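The values are calculated or read from the model by the stated rules, or taken from the named source; none is laboratory data. Note that this is a predicted model, so its numbers are computed, not measured. Ideal geometry is used to build each Cβ from the backbone, glycine not excepted, and the neighbour counts take in all protein chains shown.
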Amino acid sequence: MVSTVDLYYICQMVDGVTREPGTYLRNVEDIFGDMSSSSLVRKYPKWTCFHVFIEELISSVIFEDAKNFSSRPGNYWIDHMLRSNRIGQLTVRRPEFCQFDGYDYLDALQQEDLIAELCETVSKQVFHVLFANRGTMSAFGHMVSGYVLHTSPSFIPEAFNNTGHLTRASIPAWAKSAVFHRDKGRCVLCQTDLTKLFSQQSQIHYDHIMPLALGGMNCVTNLQLTCSNCNLDKGARSAATSREYEAWYDY
Ligand SMILES: [Zn+2]
């Protein structure tokens, strides 16, 4: 596993771009614009659009870092990341000709699929951290909602209803389980215990943080746990979530 420092560095970067895509918008456009937006309307993919987004950001940092290869030979972020994730250590040695050209070296790594493997591995780790943060999930939903709304229904007609919004897909058990455990069985808005150990009257709702009518996705990143009352109050036009972190135990 990547070190805590590296992991949180990437998490902070991903979170920052998600909340303020401004300067990064052209890359977001590359990832989700045009034809690529059809990936946003798939029903509950396990490898979510957020995983893809994280992979793209990691890859852009790797290529950005390659500019500095000649000024500090032997001290490359990519080597450090490959080492700490135990990827390709036995097969790849940096060839002589790559000594001063970072892009040649990255090419060699790419031919062995090592960059893709690294991006996938680290993406899972970053997802593990940021999925716990509903604020980040909400910001991501906001960021891509425009692309969802502008996806032409002709790509995947069955994914849309006649008002041009995504139809509500049934939520697979693995997604419910992930959200239930993340939110620790409590309504994220009023903290009611929904485990039914203490309360019989409240029903569990898997609420879309960003409503489908506003460009929300059928995606595990767009779900949160709410009770019936809060679900009713929130309605279909609000993207409310809470900043509450559920503690592992009471203090
Ligand atoms: Zn509630």
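For residues in the range 18-76 being of a type in the set (Val, Ile, Thr) and at pLDDT 90 or above, which is farthest from Thr121 (Cα to Cα)?
Our first condition is that a residue be of a type in the set (Val, Ile, Thr); within the range 18-76, this holds for 18, 23, 28, 31, 41, 48, 52, 54, 58, 61-62.
Filter once more, keeping what is at pLDDT 90 or above: 18, 48, 52, 54, 58.
Numbers: Thr18: 20, Thr48: 14, Val52: 12, Ile54: 11, Ile58: 11 Å.
The residue in question is Thr18.
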- Item | Matching residues in the range 47-65 - criterion: being among the charged types (D, E, K, R) and within 15 Å of Leu114 (Cα to Cα) | Glu55, Glu56
- For the range 33-49, state whether one or more residues are closer than 18 Å to Met210 by Cβ and loosely packed, with under 14 Cβ neighbours inside 10 Å. no
- Query: Does the range 200-223 include one or more residues that are under 24 Å from Val148 (Cβ atoms), surrounded by fewer than 21 Cβ atoms within 10 Å (Cβ to Cβ), of a type in the set (S, T, N, Q) and within 16 Å of the ligand (Cβ to nearest atom)?
  - Reply: no
- Message: Among (1) surrounded by 14 or more Cβ atoms within 10 Å (Cβ to Cβ); (2) at negative phi; (3) within 16 Å of the ligand (Cβ to nearest atom), there is one condition Lys184 misses while meeting the rest; what is its number?
- Response: (2)
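Among the residues in the range 33-45, are any closer than 27 Å to Asn161 by Cα, charged (D, E, K, R) and not in a helix (DSSP H, G or I)? Show your work before the answer.
In the first step, residues of the range 33-45 are kept if they are closer than 27 Å to Asn161 by Cα; the result is 33-45.
Subset that is charged (D, E, K, R): 34, 42-43.
Still in the running and not in a helix (DSSP H, G or I): 42-43.
Scanning the range 33-45 turns up at least one residue that is closer than 27 Å to Asn161 by Cα, charged (D, E, K, R) and not in a helix (DSSP H, G or I).
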- (1) away from the ligand (no atom under 16 Å from the Cβ); (2) at pLDDT 90 or above; (3) more than 22 Å from Val148 (Cα to Cα) all hold for Leu197 apart from (2)
- Can you tell me which residues in the range 159-197 are touching a Gly at 6+ places or on another chain (Cβ under 8 Å), closer than 16 Å to Cys230 by Cβ and aliphatic (A, V, I, L, M)? Leu194
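Within the bounds of the range 174-181, is there any residue that is away from the ligand (no atom under 12 Å from the Cβ), out of contact with any Phe, Trp or Tyr (no Cβ under 9 Å at 6 or more places or on another chain) and modelled with pLDDT of 90 or more?
Looking through the range 174-181, at least one residue is away from the ligand (no atom under 12 Å from the Cβ), out of contact with any Phe, Trp or Tyr (no Cβ under 9 Å at 6 or more places or on another chain) and modelled with pLDDT of 90 or more.
Let's see how each residue does on (1) touching a strand residue (DSSP E or B) at 6+ places or on another chain (Cβ under 6 Å); (2) polar (S, T, N, Q); (3) under 17 Å from Arg134 (Cα atoms):
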site: Leu7; (1), (2), (3): no, no, no
site: Gly16; (1), (2), (3): no, no, yes
site: Thr23; (1), (2), (3): no, yes, no
site: Glu29; (1), (2), (3): no, no, no
site: Gly33; (1), (2), (3): no, no, no
site: Ser37; (1), (2), (3): no, yes, no
site: Trp47; (1), (2), (3): no, no, no
site: Phe50; (1), (2), (3): no, no, yes
